[in-house]
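Q: Structure provided below as structure tokens; questions to follow.
The values are calculated or read from the model by the stated rules, or taken from the named source; none is laboratory data. These figures come from a predicted structure and were not determined experimentally. Here Cβ is always computed from backbone atoms with ideal geometry, including for glycine, and neighbour counts include all displayed protein chains.
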Amino acid sequence: MVGALLKDGWIREEKSGSILVYFHPLSRKRVAIHYHPHKTYGPKLLKALLEDIGWSEVDIRRLKLVK
């Protein structure tokens, strides 16, 4: 998820413990990611993150998050 955000032009703004805050300069959106290495996001949290980020299915495939 973090790699895909960077690939899509998001900029890491802050880090507070396990929370990473990213900002997109064009859309002016800001999103906070709870980052824990080697753990996965549950379906509800993943859906909420994707909605907050604003990625469509086309974006998700372009960033190679799914095949």
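Q: Scanning for something in a loop (DSSP other than H, G, I, E, B), of a type in the set (Phe, Trp, Tyr) and modelled with pLDDT under 90, does the range 31-41 turn up at least one residue?
A: yes
Q: Next up: In the range 55-67, which residues are surrounded by 12 or more Cβ atoms within 10 Å (Cβ to Cβ) and either of a type in the set (A, V, I, L, M) or assigned to a loop (DSSP other than H, G, I, E, B) (or both)?
A: Matches in the range 55-67: Trp55, Ile60, Leu63, Leu65.
Q: Considering the range 1-30 alone, what residues qualify as being assigned to a loop (DSSP other than H, G, I, E, B) and either surrounded by 13 or more Cβ atoms within 10 Å (Cβ to Cβ) or modelled with pLDDT under 90 (or both)?
A: Met1, Asp8, Trp10, Gly17, Ser18, His24, Lys29
Q: Okay, moving on. With Lys39, Lys47 as the choices, which residue is exposed (fewer than 11 other Cβ atoms within 10 Å of the Cβ) and without any contact (Cβ under 8 Å) to a residue 60 or more places away in the chain?
A: Lys39
Q: Still on this structure, please answer the following. Pairs under 9 Å by beta carbon, first residue farther than 12 Å from Leu5 by Cα in the range 16-29, partner modelled with pLDDT under 90 and surrounded by fewer than 10 Cβ atoms within 10 Å (Cβ to Cβ), six or more apart or different chains?
A: Ser18/His36
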